[in-house]
Amino acid sequence: MKRIELGYEKYLAHMSKLELMFQFDPNTAHKFYREKLYPSFKEVRDACRELGHLSEKTMVKAGEHAQRTAARAIWSMIAIG
């Protein structure tokens, strides 16, 4: 999470600089976008994707655990009668 927060702050700072640059020198602004802003955007995007994958894996494991617990409970009830 910290990586996402820091990356997003960096992205916002670059975005502010880009807006000012674009008013005075569009060519420099385009270069700044390619070299600084877009890479910082990709960094945040990739970190968010990793977090999403981790969350998905965690949910799948939790679902599998719940299924096993339910199956044991069913068999326990059958055994008890």
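Heavy-atom surface analysis with a 1.4 Å probe gives the chain a carbon and sulfur content of 63 percent of its accessible area. For the chain, relative contact order (Cα pairs under 8 Å, six or more residues apart, normalised by length) works out to 32 percent. Within the set [x] 19, 14, 11; [y] 52, 9, 7; [z] 24, 16, 11, the number that semi-axes √(5λ) of the Cα gyration tensor in Å takes when calculated for this structure is listed as [y]. 3J(HN,Hα) along region 26-41, derived from phi through the Karplus expression 6.51 cos²θ - 1.76 cosθ + 1.60 where θ = phi - 60°, amounts to x, 5, 5, 5, 5, 5, 4, 4, 5, 8, 10, 5, 4, x, 5, 4 Hz, with x in place of Gly and Pro. Per residue, the solvent-accessible area of the chain (1.4 Å probe, heavy atoms of protein chains only, all protein chains present) comes to 84 Å².
Would region 4-45 count as rounded, prolate or oblate if I go by the C-alpha gyration tensor, calling it rounded below 1.5 in a/c and otherwise prolate when a/b exceeds b/c, oblate otherwise? It comes out oblate by the Cα gyration axes.
The values are calculated or read from the model by the stated rules, or taken from the named source; none is laboratory data. All values reported here derive from a predicted model rather than from experimental measurement. The accessibility values were calculated without ligands, DNA or RNA, using every heavy atom of the protein model including side chains. Shrake-Rupley method; radii C 1.70, N 1.55, O 1.52, S 1.80 Å.
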